[in-house]
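Scroll down for the structure; my scribbles are underneath it.
The values are calculated or read from the model by the stated rules, or taken from the named source; none is laboratory data. What you see is a predicted model, and the numbers here were worked out from it, not measured in a lab. Cβ: placed from backbone, ideal geometry, glycine included. Neighbour counts: every protein chain shown. The area values use the complete protein model at the heavy-atom level, side chains included, leaving out ligands, DNA and RNA. Shrake-Rupley method; radii C 1.70, N 1.55, O 1.52, S 1.80 Å.
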Amino acid sequence: MDLEFVRKQFPALDKEFVFMDNAGGSQVLSRVANKITDYLINSNVQLGASYKVSVEAGEKLINATDMVADYINASDSREVVIGPSSTMLFRILSISLSHQWKEGDEVIVSNSDHEANVSCWTDLEDKGIVIKIWKINPQTFEFEIEDLKALFSDRTNLVAMVHTSNVLGTINPIEEICSIVHKAGALFCVDGVAYAPHRLVDVQKWNVDFYVFSWYKVYGPHLAVMFGKLHLLQNMKGINHYFIKDDDVPYKFQPGNYNFELTYSLTGITDYLNAFYEHHYPDYPLKNNREKYQKCFELISIHEEKLSAVLLSYLNTNSKIRVIGKTDADYKKRVPTISFVHQDLKSSDIVLQVDKFNIGIRFGDFYAKKLIGDLDLNDKDGVVRVSLAHYNSLDEVNDLIKALKSILVD
Ligand SMILES: Cc1ncc(COP(=O)(O)O)c(C=O)c1O
């Protein structure tokens, strides 16, 4: 991967600052910022009118949502629900879906999720929905399928889980889990927020029922998307006005509409991936966009694995450090979101000292409240999290290691 080419696409990276809090929010592509400006200057009218500018603005947004559908491999652009944040989209989903549920019906949530895909379900206890929790093995940080199977009953309506934990960085085998969930007669709702910045999303391959992620972690603006299988969305009650028809999908889940300039700007992300592909494979012109994106993410994964390997090899050799997650860098198993704790120091002490080196990392529970509680890490102020993106360099990782070495004596 040509890192110089990549870094040039992100104007914020010109600063003398190392961004390693990317799972909190990535830097934005200049293409995305330019598209926001373009929409506001050239297309900022009410949609649905008969005049030219309104028609053109409408077309821009149809193209953008079609692009999103293709990007995530949805079979129909009506399966794409746009919303302000993943938290809000999960909430809309839980409100809409639970209209069909009865007291005593059950939902399984995981203990390694961000609360976005937990609270929206656990709050349904007020309506008599029974919540069960699938917990990771605290030694291996892995989910065990047998534990999930033991939680199923004939009242299980839905399993909610994270594709990649924003603390552990582990990639959960959601395709396999999805088929088990379906065999048990339940729906599967996946949080892809910490996965989508690193790998290509493929909702049809995985066969998930709902999949949600946030564009501000995928080099875009503060906006999120929910995929839902069309028949499920059509059969659910929406949250829009009473006169919005049931088959008006996705509008019935987008009250007050979605943000137009930000939605349009998402095409800047796919423009980037197309340019990335052409730059790296000038002699292999592919026609299919998703095949190109897949090639891009392969290069991205390999680069990320190199970064992870260097950081993990330092963390693994310091006897006072415990990595909270997988200790090997294999890109098939993890993304470069790497958390650790120190035997003697609080996570906050470490991060506040790293701040002085102009390197942005972070401590805390990252709203993975159940995980940090179950691992007994609240007294440590949570974990230190270093979350890398493909635009980080090996030099930056080595600078971080130098900073950590000066703070943490083995
Ligand atoms: C794994 C995960 N899920 C959900 C969210 C919530 O996303 P949003 O801020 O778009 O609501 C986050 C945010 O950090 C996250 O890391």
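Quick rundown of the values:
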quantity	calculated
Rounded to the nearest 20 debye, dipole of region 267-334 from Cβ charges on Lys, Arg, Asp, Glu	420
Within the chain, helix-based [θ] at 222 nm, where runs of 4 or more DSSP H residues each add -39,500 (n - 2.57), nearest 500	-11500 deg cm²/dmol
Zero-based 10 Å bins, Cα pair distances in region 32-269, whole percents	8, 32, 35, 18, 7, 1, 0
Ranked order, 21, 14, 113 - accessible area, probe 1.4 Å, largest first	14, 21, 113
Whether the chain is rounded, prolate or oblate, judged on the alpha carbon gyration tensor where a/c under 1.5 counts as rounded	oblate
Net dipole in debye of the chain [+1 Lys, Arg Cβ; -1 Asp, Glu Cβ; about Cα centre; nearest 20]	180
Leading residue at positive end of dipole, region 32-269 (Cβ point charges), from 190, 49, 92	49
Cα lying deepest toward the dipole's positive end in the chain, options 314, 153, 337, charges on Cβ	337
Residue of 370, 237, 15 that the Gaussian network model of the chain assigns the largest fluctuation, springs spanning Cα pairs under 10 Å	15
Inter-centroid distance (Cα atoms) of region 367-410 relative to region 256-335, Å	19
Separation of alpha-carbon centers, region 77-121 and region 27-59, rounded to whole Å	30
Over the chain, relative contact order from alpha-carbon pairs under 8 Å, at least 6 apart, %	22
Net charge, residue 77 excluded, C-beta distance under 9 Å - Lys, Arg +1, Asp, Glu -1	-3
Those lysines that a straight Cα-Cα span of less than 19 Å connects to residue 287, excepting residues fewer than 8 apart in one chain	295
Carbon and sulfur %, accessible surface of the chain computed with the full protein complex present, 1.4 Å	50
Among beta bridges that DSSP assigns inside region 181-230, antiparallel share in %, nearest 5	60
Per-residue ³J(HN,Hα) for region 317-331, Karplus 6.51 cos²θ - 1.76 cosθ + 1.60, θ = phi - 60°, Hz, x for Gly and Pro	8, 7, 5, 8, 9, 10, 6, 9, x, 5, 8, 10, 8, 2, 5
Mean accessible surface per residue for region 18-126, computed with a 1.4 Å probe while every protein chain stays in place, in Å²	41
Dipole-positive endmost among 33, 164, 210 within the chain (Cβ charges, Cα centre)	33
Accessible surface, region 279-370, averaged per residue in Å² (probe 1.4 Å)	50
Table column - 3J(HN,Hα) (Hz), region 374-380, Karplus curve with 6.51, -1.76, 1.60, x for Gly and Pro	5, 8, 6, 10, 5, 5, 8
Estimated dipole of region 32-269 in Debye, rounded to 20 [Cβ of Lys and Arg +1, of Asp and Glu -1, Cα centre]	340
Distance violations [Cα-Cα > 24 Å] among 217/369; 229/252; 333/370; 35/237; 135/217; 102/183	35/237; 135/217
Rounded accessible area of residue 319 (nearest 10 Å², 1.4 Å probe)	90
